[in-house]
Amino acid sequence: MSDIFFHYNVADKWDYACRWLRKAWGRGLRVGVVGPPEVLQTLDTLLWSSPSLRPTDFVAHALHGGDAQVWKASSIWLAPNAAEVAHAAWLLNLGDEVPSGFEQFAQVVEVVSDDELDRQRARQRWRQYKASGHGLKLHDLLQQPG
């Protein structure tokens, strides 16, 4: 059964996702990232040029529909649905809905900004995950040491 981690009170969702993926990549984690195509395209761009990443940081990743060899060699995959990244152990959800097929991942990470609409959508996802019996864990960024 999947463990679901809600990282909340995130000031900048894009910045946080880039930094989280940099850490995951550095640890050798296999991560699928799901969300709408425009979100994935923005994340793809930011993983190459985000001000939150140092110029020497490198986050090897592949965008669904891109080069097949890059996709095969990557350990971080950006795709519109979980079925495309089923080979990953972790799932980072950047969409507004609970991703179909999330149950096949050992860990699911939800990133929740301090925007009220984003919080409302996250509460709905929380209720859906809880109703399906999955373990839920909170990670409050406001409670983290400076």
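A short reminder: the numbers here are calculations on the coordinates, not readings from a lab. Computed from a predicted model, the values in this text were never measured in an experiment. In this analysis, Cβ positions are derived from the backbone assuming ideal geometry, glycine residues included, and neighbour counts consider all displayed protein chains.
Values as computed for the structure displayed
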{"item": "Gyration tensor verdict on the stretch 1-72 (Cα atoms; rounded if a/c is under 1.5, prolate if a/b is larger than b/c, oblate otherwise)", "result": "rounded"}
{"item": "Sites Arg119 and Asp44 - FRET efficiency at Förster radius 22 Å, r taken between beta-carbons, to 0.05", "result": "0.30"}
{"item": "Net charge over other residues, Cβ less than 14 angstrom from the Cβ of Val59 (K, R count +1; D, E count -1)", "result": "+3"}
{"item": "Ordering of 111-124, 70-83 by burial proxy (mean other Cβ atoms within 10 Å per residue, highest first)", "result": "70-83, 111-124"}
{"item": "Label-point separation in nm, Gln69 to Glu103, each point 7 Å along Cα→Cβ", "result": "3.9 nm"}
{"item": "Reach of Lys23 by Cα under 16 Å, taken over lysines that are not fewer than 8 positions away in the same chain", "result": "Lys13"}
{"item": "Over the chain: Rg over Rh, Cα atoms, Kirkwood Rh", "result": "0.94"}
